[in-house]
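The values are calculated or read from the model by the stated rules, or taken from the named source; none is laboratory data. Bear in mind that the values here come from a model prediction, so they are computed numbers and not experimental data. Here the Cβ positions follow ideal geometry from the backbone for every residue, glycine too, while neighbour counts run over all protein chains shown. When the accessible area is computed, the model is the full protein with side chains, heavy atoms only, and any ligands, DNA or RNA have been set aside. Shrake-Rupley method; radii C 1.70, N 1.55, O 1.52, S 1.80 Å.
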Amino acid sequence: MLWTDDAKQGIHEEPTSYLTIQDWRAEGRQVADMAFFRGEPSVILDGDAPDRVLAESVSANLFPLVGAVPALGRTFTQDEEDRGEPVVVLSHGLWLRRFGARQDAIGQTLSLDARTRIVECASSG
């Protein structure tokens with residue numbers, strides 16, 4: 001995990017912004033690659049009752065960087081990330097709980113914090 005430090009301001013182990021990660025990747029210093037992720041409490045509004053989840057905002061290269069392969073569907077591309085496409089990758093648990101591990105979960109929409117997202121894949125765990 002990479003943190004932002006600013007000793008002059010007394011800031012240590014602050015979460016790093018997406019734009020800072022992009023800058024660091026472009027600089028190509030002594031690191032083969034790095035990815036962005038940040039968890040945020042969110043609410044799925046579809047269904048009978050709201051479902052509180054921890055939604056992770058991630059960069060497209062996170063999945064290949066950590067060797068994660070979806071059980072179903074695909075992850076999202078750098079082009080989709082650049083355009084801010086409204087795609088979602090389901091965790092294995094969420095896929096089981098909300099979609100009953102159905103294969104037709106791919107392409108379904110999901111209302112996450114009142115924003116419609118398109119399900120692109122289900123995680124293998």
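Please state which one of 31, 43, 66 is surrounded by fewer than 14 Cβ atoms within 10 Å (Cβ to Cβ) and in contact (Cβ under 8 Å) with a residue 60 or more places away in the chain. Outline the logic, then answer.
Details: 31 fails: in contact (Cβ under 8 Å) with a residue 60 or more places away in the chain; 66 fails: in contact (Cβ under 8 Å) with a residue 60 or more places away in the chain.
Just a single option satisfies the conditions, and that option is 43.
Beta carbons closer than 8 Å, at least 6 apart along the sequence or on distinct chains, pair a first residue in segment 1-20 that is open to solvent by 70 Å² or more (accessible area, probe 1.4 Å) with a second that is assigned to a helix (DSSP H, G or I) and modelled with pLDDT of 75 or more for 2/21; 2/24.
Suppose the filter is part of a loop (DSSP other than H, G, I, E, B) and within 26 Å of residue 13 (Cα to Cα); does residue 32 pass it? Yes; evaluated as a whole, the condition is true for this residue.
Taken as a whole, the structure places residue 48 among residues that are open to solvent by 80 Å² or more (accessible area, probe 1.4 Å) and of a type in the set (D, E, K, R).
Every residue, every condition in (1) in contact with a Lys or Arg (Cβ under 9 Å, 6 or more places away or on another chain); (2) without any contact (Cβ under 8 Å) to a residue 40 or more places away in the chain; (3) surrounded by 14 or more Cβ atoms within 10 Å (Cβ to Cβ); (4) within 24 Å of residue 47 (Cα to Cα), yes or no:
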position	(1), (2), (3), (4)
70	no, no, yes, no
80	no, yes, yes, no
94	no, no, yes, yes
102	no, yes, no, yes
114	no, no, no, yes
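Counting only residues that are in contact with a Gly (Cβ under 6 Å, 6 or more places away or on another chain) and either assigned to a loop (DSSP other than H, G, I, E, B) or of a type in the set (Gly, Ala, Ser) (or both), segment 50-109 holds 1 of them.
Pick out the one residue from 55, 60 that is open to solvent by less than 50 Å² (accessible area, probe 1.4 Å) and in contact with a helix residue (DSSP H, G or I) (Cβ under 9 Å, 6 or more places away or on another chain). Testing whether each residue is open to solvent by less than 50 Å² (accessible area, probe 1.4 Å) and in contact with a helix residue (DSSP H, G or I) (Cβ under 9 Å, 6 or more places away or on another chain) leaves just 60.
Taken together, 84, 73, 100 contain a single residue that is of a type outside the set (A, V, I, L, M), on the phi > 0 side of the Ramachandran plot and under 13 Å from the mean Cα position of the chain (by Cα), which is 84.
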